[in-house]
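*Asks:* One structure is given below, represented as structure tokens, and several questions about it will come after.
The values are calculated or read from the model by the stated rules, or taken from the named source; none is laboratory data. This is a predicted model, so every value here is computed, not measured. Note that each Cβ is placed from the backbone with ideal geometry, even for glycine, and that neighbours are counted across all protein chains shown. Heads up: the accessible areas ignore ligands, DNA and RNA and are worked out on the full protein's heavy atoms, side chains in. Shrake-Rupley method; radii C 1.70, N 1.55, O 1.52, S 1.80 Å.
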Amino acid sequence: MSQLPDQATLFYLSCPRNVARIECFTLSHPAWSGKNYHITYTDTQGSNVTHEDGTEQYYQYVPMQVKPLSRRTDLVTGFEVTVGDLGEDIPEMLDAIEAANSMDIPVICIYRAYRSDKLDTLIDGPLVYGIDQISRDHQASTFQVQARPMNHAGTGKLYELRDFQLEGFI
């Protein structure tokens, strides 16, 4: 039985060198009156992509730094994002949340990744994350994008394959 490779595998193993990974973030909150913020940091011209439901969306370039929160071995999924907005956009977004008295509702972040030569085909995503805290100063705003907790029984133990014996049937 053969399996078709997924888009990420095709991207990393067989695409030309001049094809880049375009990473896109959609930020949304009910207090923003239906206006979502679509940003990317990997295409300085911005990107017009096609979402999984067929709708087209333009992602504006914003200077950002994106770092993983932790090693991949601890099953924590998330990023630390620093947006170089010079204290302009993010503070306005936070003021709208505070004015609507909805600070207890987290900002939702949807992550998508595309190939630069096929902006209608997802490599990764859509992955839905939450943003609980945002810090800001006059140069940048920083926030952590994390997967929403599915349960409250975390052990803190790292998952390692050698801890589990896998036996097959003969």
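*Asks:* In segment 88-136, what residues are open to solvent by 40 Å² or more (accessible area, probe 1.4 Å) and polar (S, T, N, Q)?
*Replies:* ASN101, SER116, GLN133, SER135
*Asks:* Among strands (runs of 3 or more DSSP E) lying entirely in segment 1-67, which contain 3 or more residues that are open to solvent by 50 Å² or more (accessible area, probe 1.4 Å)?
*Replies:* Filter on segment 1-67 gives 56-61.
*Asks:* Kindly indicate whether any position in segment 98-105 is modelled with pLDDT of 85 or more, touching a strand residue (DSSP E or B) at 6+ places or on another chain (Cβ under 6 Å) and either assigned to a strand (DSSP E or B) or more than 19 Å from SER70 (Cβ to Cβ) (or both).
*Replies:* Within segment 98-105, none of the residues are modelled with pLDDT of 85 or more, touching a strand residue (DSSP E or B) at 6+ places or on another chain (Cβ under 6 Å) and either assigned to a strand (DSSP E or B) or more than 19 Å from SER70 (Cβ to Cβ) (or both).
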